[in-house]
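Encoded as structure tokens, the structure appears first; notes follow it.
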Amino acid sequence: MTVTEIEPCTKTKFKVYIDGTFAFVLYKGELSRYGIRKGGEVSEETVQKIRTEVILKRAKLRAMHLLEDMDRTEAALRDKLRQGLYPQDMIDMAIDYVKSFGYLNDARYAENFIRSRQGSKSRKEIQAALLQKGVPAELIGHALELCYEDSGEEEAVRSILRKKKFDPHSLEDREKQRIYAYLARKGFRYETVRQVIQNYEDDA
């Protein structure tokens, strides 16, 4: 096996190519420690040693650090590790590692995400946001069932109306229609909006 290219990423980190294919990223000191130099030969044993003792260990630590920083979805964590130029199989093993400790759980992430936003967002908005974050649709559906009651949508509508200083007695019909249209665009059902506004008028 031949080291065909050593390409700098930063002043201290380098992309190593073996037999023309990207293999891994090493620090300057690690290149010296394992005798990695452009045009030099490297044994399969040394490559595997680097992968398990250096790259995998680093990927696991990086994954743990990213989850300490903030809760993430599996898709988001995979993206961050890919940005760090970790090989795909190392990413898979790092993901399995953090999952084994319960640090990565898309179902829990979805439930926490919904509970923190259900008072101000519609189901559709929350569902779209979670899909964008890479949470599987079936997990989102289950989490919505667990977290959302009909009252949750109504409270979200009330919260938006309060923020907009909604006063049913001072608004003309055209302005009310604009409110309906705005809430419809945000994904709230017409019947939910109608009920909340009607009760809002009764309570006002």
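Readers should treat all values here as calculations from the given coordinates under stated rules, not as data from a laboratory. Keep in mind it's a predicted model, so treat the numbers as computed, not measured.
The angle between the Cα long axis of helix 173-185 and the longest principal axis of the Cα atoms of the chain comes to about 30 degrees, rounded to the nearest 10.
Compared with the dominant Cα axis of the chain, that is its longest principal axis, helix 150-163 is turned about 80°.
Computed extension length for residue 61-residue 83: 6.4 nm, one decimal, from 0.36 nm per residue of separation with the Cα-Cα distance subtracted. Calculation over all alpha carbon pairs of the range 56-134 in 10 angstrom steps from 0 returns a P(r) of 18, 47, 25, 10, 0 percent. Shown here: the range 1-42, whose C-alpha atoms stretch 24, 18, 13 Å along the first, second and third principal axes, sorted largest to smallest.
Give me the log10 of I(q) over I(0) for the chain at q = 0.19 Å⁻¹, as the Debye formula computes it from C-alpha points; what are the numbers? Debye intensities relative to I(0), on a log10 scale: -1.19.
The P(r) of the range 105-148 has a tail past 17 Å containing 12 percent of all C-alpha pairs. Applied to the range 18-27, the Karplus parametrisation 6.51 cos²θ - 1.76 cosθ + 1.60 on θ = phi - 60° returns per-residue 3J(HN,Hα) values of 10, 6, x, 10, 4, 10, 5, 10, 10, 7 Hz, with x for Gly and Pro.
Phi angles across the range 63-79 convert, under the Karplus curve 6.51 cos²θ - 1.76 cosθ + 1.60 with θ = phi - 60°, into 3J(HN,Hα) values of 4, 4, 4, 5, 7, 5, 5, 6, 5, 9, 7, 4, 4, 5, 5, 4, 4 Hz, Gly and Pro given as x.
Over the residues of the chain, the helix contribution to mean residue ellipticity at 222 nm works out to -18500 deg cm²/dmol, using -39500 (n - 2.57) for each DSSP H run of at least 4.
Could you tell me what % of all Cα pairs in the range 1-89 have separations over 16 Å? Value for the range 1-89: 55 percent of Cα pairs lie more than 16 Å apart. Note the angle between two axes, namely the Cα long axis of helix 190-203 and the longest principal axis of the Cα atoms of the chain, as a number of degrees from 0 to 90, rounded to the nearest 10. In the chain, helix 190-203 runs at an angle near 50 degrees to the longest axis.
For the residue pairs 165/186; 60/99; 80/124; 121/165; 121/164, alpha carbon separations beyond 21 Å are given by 80/124.
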